[in-house]
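The values are calculated or read from the model by the stated rules, or taken from the named source; none is laboratory data. Computed from a predicted model, the values in this text were never measured in an experiment. When we count neighbours, we look across all protein chains shown, and the Cβ atoms used for this are built from the backbone with ideal geometry, even at glycine.
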Amino acid sequence: MGAFFGIVSSKDCLSDVFFGTDYHSHLGTYSAGLAMYDKEVGLQRKIHNIQNAPFRTKFEHVFEQMKGTSAIGCISDCDPQPLMIRSKLGTYVMTVVGNINNENELVEKFLSLAGGHFSVSTGGGINAIELVASLINQKDNFADGIRFAHDAIDGTASILILKDDGTLIAARDKVGRLPVQIGKDENGYAVTFESFAFKKLGYVEEKELGPGEIVEITTEGIVQLAPPRDKMKMCAFLWSYYGYPTTNYEGINVEAMRYRNGEILSDMDDENFPGLKLDYVSGVPDSGTPHAIGYANKSRVPFARPYIKYTPTWARSFMPNSQVDRNKIAKMKQIPVHELIEGKDLLFVDDSIVRGTQLRETVEFLYEHGAKSVHMRSACPPIMYGCKYLNFSRATSDMELITRKTIVELEGEEGLNHLEEYSDRNTERGKAMRKAICDKLNFSTLEFQSLDGLIEAIGIDKCKLCTYCWNGKEE
């Protein structure tokens with residue numbers, strides 16, 4: 001997905017923006033960038049590929065190369081950024097997080113209206129950040145330009161801009177799918193996705209932007225350039241998986257939500273699987289662990305870690321392009337604790353089940369080491385739609401989703417007209433899908449959190465949450 005972090009300060013801020021950006025490394029694995037403003041040097045920028053090495057390793061020499069009192073940093077899962085732009089609005093550096101579904105349409109429209117051009121990569125693709133800049137530059141100021149871009153884009157775009165006078169402009173996406181939060185210290189302000197990032201650097205909470213809100217930030221204060229829009233559709237998957245445990249979104253802590261979610265799953269199992277015998281409850285590490293802790297606390301079944309992920313030399317950022325290699329490395333990370341596996345009835349909670357490939361490998365690994373039974377729970381409902389707003393599902397096609405693939409195997413294309421039924425465990429179709437996935441992945445039992453249960457665990461009004469990947473309901 002990606003994320004950004006920014007600072008405007010009365011003192012050199014490279015250290016803060018370096019560590020603040022690094023605190024967002026869990027949100028992207030493709031590229032990263034830093035840009036700074038210094039009154040003597042002007043704007044400076046560095047971009048590095050982080051696919052095979054973490055942010056800190058790639059940017060460890062930046063302290064010898066850059067300095068400044070204002071800066072932005074980004075972690076990206078798509079295009080290299082931030083980009084430096086020169087236009088009628090001046091020279092600025094910009095980073096964008098989100099997804100643009102109508103990119104080709106916008107490119108053609110911009111080219112025909114403006115007679116302009118875009119740089120392209122191999123295969124003809126353009127950098128989406130350049131496209132957003134082109135939209136912004138259609139207007140006479142940043143506020144009108146960002147509003148124009150938000151309205152033109154089918155998808156999501158949260159934007160952070162560093163101007164050539166050191167001013168920051170921050171804009172949350174049109175319906176607030178992503179968070180943008182501002183912290184304050186005695187020297188200035190920080191802009192962040194993850195709230196803990198600025199808190200660890202000594203900033204205190206100042207403001208959380210509303211959907212589509214645009215602000216200009218200097219050391220003197222925050223000026224609102226455009227007010228929040230009426231409708232919010234915060235991504236519910238942030239709490240379920242992507243968000244870091246210590247962060248808060250809309251005042252709701254991620255770790256606490258995951259404990260509540262696990263508790264609700266346990267209550268569901270009391271009703272759906274009465275008398276289920278378990279020796280241990282465990283999370284599929286690492287993101288399933290807090291959900292599993294909540295389940296174990298409520299069910300009073302001991303929490304344990306039957307296998308441990310070995311991460312010192314297999315960091316998350318190292319993910320080969322080949323699915324075969326990804327599966328091999330995922331298996332190599334799994335180190336068993338035989339005493340907690342052999343002859344045991346185990347229940348695992350995963351944050352979600354998308355394609356199921358790695359789960360099949362995990363279950364085979366557990367049985368190879370003597371597990372008696374392996375029960376699987378998903379901390380979110382069945383994913384029926386690939387995310388078109390933030391690309392959370394990482395599926396290039398809806399048919400890569402194990403739910404849809406299984407439904408077509410059961411009923412052919414006709415089954416895709418009954419996705420809501422398949423999501424519901426109480427229907428015949430819902431029961432059939434769960435059994436088929438159990439057979440395919442060798443689970444003893446399988447259940448998914450309900451959409452109502454997930455919303456209850458978050459604790460925010462349903463109408464303010466985006467749940468597209470589960471029910472296909474758009475804005």
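Take the residues of the range 269-288 that are touching a residue at least 24 places away in the same chain (Cβ under 8 Å) and under 27 Å from the mean Cα position of the chain (by Cα): which is surrounded by the most Cβ atoms within 10 Å (Cβ to Cβ)?
Result: VAL281.
Taking the range 1-47 on its own, how many of its residues are part of a loop (DSSP other than H, G, I, E, B), within 17 Å of the chain's Cα centre (by Cα) and not aliphatic (A, V, I, L, M)?
Residues flagged as part of a loop (DSSP other than H, G, I, E, B), within 17 Å of the chain's Cα centre (by Cα) and not aliphatic (A, V, I, L, M) within the range 1-47 amount to 5.
Would you tally the residues in the range 298-339 being in contact with a helix residue (DSSP H, G or I) (Cβ under 6 Å, 6 or more places away or on another chain) and at pLDDT 65 or above?
The qualifying residues number 10.
Of all residues in the range 449-475, which are over 14 Å from SER423 (Cα atoms), assigned to a helix (DSSP H, G or I) and either under 18 Å from the mean Cα position of the chain (by Cα) or not assigned by TED's automatic domain parsing to the domain that holds SER352 (or both)?
Residues satisfying the conditions are ILE455, ILE458, LYS464.
Determine whether the range 55-62 contains at least one residue that is part of a loop (DSSP other than H, G, I, E, B), of a type outside the set (D, E, K, R) and either buried (at least 16 other Cβ atoms within 10 Å of the Cβ) or under 20 Å from the mean Cα position of the chain (by Cα) (or both).
yes
Take the residues in the range 34-61 that are β-branched (Val, Ile, Thr) and at pLDDT below 95, then tell me which one is nearest to ILE129 (Cα to Cα).
In this case the residue turns out to be ILE50.
Within the set of pairs 6+ apart or on separate chains, which have a first residue in the range 445-465 that is farther than 20 Å from GLY430 by Cα and crowded, with 17+ Cβ neighbours inside 10 Å, a second that is modelled with pLDDT of 95 or more and small (Gly, Ala, Ser), and C-beta atoms under 7 Å apart?
Close Cβ pairs (under 7 Å, with a partner that is modelled with pLDDT of 95 or more and small (Gly, Ala, Ser)) amount to ILE458/ALA236; LEU465/ALA236.
Note down all Cβ pairs under 9 Å where the first residue falls in the range 298-310 and is without any contact (Cβ under 8 Å) to a residue 40 or more places away in the chain and aliphatic (A, V, I, L, M), the second is exposed (fewer than 14 other Cβ atoms within 10 Å of the Cβ) and part of a loop (DSSP other than H, G, I, E, B), and they're at least six residues apart or on different chains.
ALA304/VAL337; ILE308/VAL337
Given (1) under 21 Å from ILE159 (Cβ atoms); (2) touching a residue at least 60 places away in the same chain (Cβ under 8 Å), identify the lone condition not met by SER87.
(2)
Could you please let me know if ALA436 is touching an Asp or Glu at 6+ places or on another chain (Cβ under 8 Å), buried (at least 22 other Cβ atoms within 10 Å of the Cβ) and either small (Gly, Ala, Ser) or at pLDDT below 95 (or both)?
Taking the combined requirement at face value, the residue does not satisfy it.
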